[in-house]
Amino acid sequence: MFIEIWQKIKSSPIIILIPVIFLVSLGMLSLYSIVMVQEQAPPNAFSKQSFFLIPSFIMLVTMTILSKRLIHKYIYVFYVLVIFAVLLPFFGDKVSGTYRWINFGLPFDLQPSEISKWIIVLVLARYLSDNNLKMNHFNSNIFPFIIALVPTIIVLNQPDLGTAFVMMAPIIPMLYWVGARPFHLFLLVAPLLSIISAFNVAVFYFWAFSLALIIYASKPKLVHGIGLYFSNIFLGLIFPLVWNSLRPYQQNRVLTFINPEIDPLGAGYHIIQSKTALGSGGLFGKGWGQGTQTHLKFLPVQESDFIVSAIGEEFGFIVLFLMISLFLWFIFKILRLALNASDRFSGLTLIGLSSIFMAHIFVNSAMASGLMPVKGLPLPFISYGGSFLVSSFMMLGLILNFGREDVY
């Protein structure tokens, strides 16, 4: 048995662990700087993250050696369980004004939505690999979309907009991977673009013109084309109703994304301080433990959401560039494994997992630099967060598992 386990580990693409080791080390170095200079006594972000590295490593090995056949067989059962899991926080107490965590009486809480992200990927991978779908038909895209949408709606109501976004991120890449028409994938995101463009009249007119050109170029039936066009325009026109249904803090995040200076001490504070920290770091940084924005606590949520800014202030643009390069290498390796996967189920799983990591990396980095609204998404392997760290290592284990050149 031990020989078989060792053979599985040995035949896994272990080279993908190299960037992860450097990224985890960078995260721990930054967290230690924060707690040391600020003289935070344990338990603190560094000590908790160190503790969670133990179950993370255990789950990494477990997911690496787990039978792909068993995962394929029982993933629908786990999908049902994860739906119940993301509902459980609603029966507990609010934490920071949200229903995201489950308290089991332990020194830490668990966030089930972190697990749901990659469970959705595995469910979509099985469904799309088991069913010989005619992807040139638009209807073939609807049920996979619903699979991801059900738990996403629950998480969105916790509310957790950032995680809900990541849960939907793998759908388009996975559908494209199995041969869905780009026009059909465009139709899936067109309603969202219609709503977003309604922020500005000029942008909405430009979107309406672009939408008409895209539909015309795709040459659908006349009735279908007209219906698609005017249904999307209608969504944009009723956007004020959608806007009024948002919570005040969500509205503030969008408004301060457009212009953070309108509320510099309120909703815009996070973005302004983050950009200040990044700018003050310059090319080579102020030095480890020397970040003023970080250690004087001007920079909020510096251990997780804005750890990029803390790293940029202390280590500079050079280290941030190396960090992004490691992430790109990591994603590139996953995509190479997907191209060379021994079966469709494995290839789809790898595409979905790479999409989750890419969504986290892009949103967190863009958020810290003021290119996107604040969504509260951590950075893989670097940000503080127990549930997210364990979940990231579980996804890493799945990548090692499904990246092997064997048939399940």
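The values are calculated or read from the model by the stated rules, or taken from the named source; none is laboratory data. Here the structure is a predicted model, which means the values were calculated and not measured. In this analysis, Cβ positions are derived from the backbone assuming ideal geometry, glycine residues included, and neighbour counts consider all displayed protein chains.
Exactly one residue out of Leu124, Leu161, Leu149, Leu88 is in contact with a Pro (Cβ under 7 Å, 6 or more places away or on another chain) and either crowded, with 18+ Cβ neighbours inside 10 Å or under 30 Å from Lys219 (Cα atoms) (or both), and it is Leu124.
For Leu377, state whether it is touching an Asp or Glu at 6+ places or on another chain (Cβ under 9 Å) and not in a helix (DSSP H, G or I). Yes, satisfied. Checking the structure you have, find out if any residue of the range 313-333 is closer than 22 Å to Ser274 by Cα, touching a Ser or Thr at 6+ places or on another chain (Cβ under 6 Å) and assigned to a helix (DSSP H, G or I). The answer is yes, given that some residue of the range 313-333 is closer than 22 Å to Ser274 by Cα, touching a Ser or Thr at 6+ places or on another chain (Cβ under 6 Å) and assigned to a helix (DSSP H, G or I). Can you say whether Gly386 is surrounded by fewer than 23 Cβ atoms within 10 Å (Cβ to Cβ), closer than 30 Å to Ile102 by Cα and not aliphatic (A, V, I, L, M), as far as the supplied structure shows? So Gly386 passes the test. Residues in the range 286-306 that are surrounded by 14 or more Cβ atoms within 10 Å (Cβ to Cβ), closer than 15 Å to Ile272 by Cβ and at pLDDT below 65: Thr294, Phe298.
Residues in the range 165-177 that are touching a Pro at 6+ places or on another chain (Cβ under 9 Å) and crowded, with 18+ Cβ neighbours inside 10 Å: Met167, Ile171, Met174, Leu175. All of Ser33, Ser25 fail the test of being hydroxyl-bearing (Ser, Thr, Tyr), assigned to a helix (DSSP H, G or I) and surrounded by fewer than 16 Cβ atoms within 10 Å (Cβ to Cβ), apart from Ser25.
Within the range 349-371, how many residues turn out to be farther than 28 Å from Trp6 by Cα and more than 14 Å from the chain's Cα centre (by Cα)? Here the count works out to 4.
Tallying residues that are of a type in the set (S, T, N, Q) and in a helix (DSSP H, G or I) within the range 124-179 yields 6.
For Leu283, the conditions (1) at pLDDT below 80; (2) not in a helix (DSSP H, G or I) are fulfilled apart from (1).
Within the range 55-101, the set of residues being closer than 20 Å to Leu161 by Cβ and of a type in the set (Val, Ile, Thr) comprises Val82, Ile83, Val86, Val95, Thr98.
Run down Ser280, Ser325 and say which single residue is surrounded by fewer than 20 Cβ atoms within 10 Å (Cβ to Cβ), among the small types (Gly, Ala, Ser), without any contact (Cβ under 8 Å) to a residue 12 or more places away in the chain and farther than 26 Å from Ile119 by Cβ.
That would be Ser325, the only listed residue that is surrounded by fewer than 20 Cβ atoms within 10 Å (Cβ to Cβ), among the small types (Gly, Ala, Ser), without any contact (Cβ under 8 Å) to a residue 12 or more places away in the chain and farther than 26 Å from Ile119 by Cβ.
Being touching a residue at least 40 places away in the same chain (Cβ under 8 Å), surrounded by fewer than 17 Cβ atoms within 10 Å (Cβ to Cβ) and among the aliphatic types (A, V, I, L, M) is a property that does not hold for Val155.
Would you be able to say whether some residue in the range 78-90 is at pLDDT 85 or above and under 30 Å from Val203 (Cα atoms)? The answer is no; no qualifying residue exists. May I ask you to verify whether Thr256 is modelled with pLDDT under 80, within 28 Å of the chain's Cα centre (by Cα), part of a helix (DSSP H, G or I) and polar (S, T, N, Q)? So Thr256 fits the description; yes. No other residue among Phe204, Phe234, Phe199, Phe183 is in a loop (DSSP other than H, G, I, E, B), touching a helix residue (DSSP H, G or I) at 6+ places or on another chain (Cβ under 9 Å), of a type in the set (A, V, I, L, M, F, W, C) and farther than 30 Å from Asp93 by Cβ apart from Phe199.
Cβ-Cβ distances below 8 Å connect the following pairs, each with a first residue in the range 350-369 that is without any contact (Cβ under 8 Å) to a residue 60 or more places away in the chain and more than 18 Å from Asp305 (Cβ to Cβ), a second residue that is among the small types (Gly, Ala, Ser) and outside any helix (DSSP H, G or I), and a separation of six or more residues or different chains: Leu350/Ala341; Leu350/Gly403.
State the number of residues belonging to the range 36-52 that are outside any helix (DSSP H, G or I) and hydrophobic (A, V, I, L, M, F, W, C).
Within the range 36-52, residues that are outside any helix (DSSP H, G or I) and hydrophobic (A, V, I, L, M, F, W, C) number 1.
For the range 124-146, the criterion of being over 24 Å from Thr349 (Cβ atoms), hydrophobic (A, V, I, L, M, F, W, C) and over 15 Å from the mean Cα position of the chain (by Cα) is met by at least one residue.
Whenever a residue of the range 221-248 is under 14 Å from Ala198 (Cα atoms), its partners that are modelled with pLDDT under 80 and surrounded by fewer than 13 Cβ atoms within 10 Å (Cβ to Cβ), lying with C-beta atoms within less than 9 angstrom and at least six residues away or across chains, give the pairs Leu235/Leu192; Leu235/Val242. Of all residues assigned to the range 100-113, at least one qualifies as being at negative phi and part of a helix (DSSP H, G or I). Residues that are surrounded by 15 or more Cβ atoms within 10 Å (Cβ to Cβ) and modelled with pLDDT under 80 within the range 200-231 comprise just one, Pro220.
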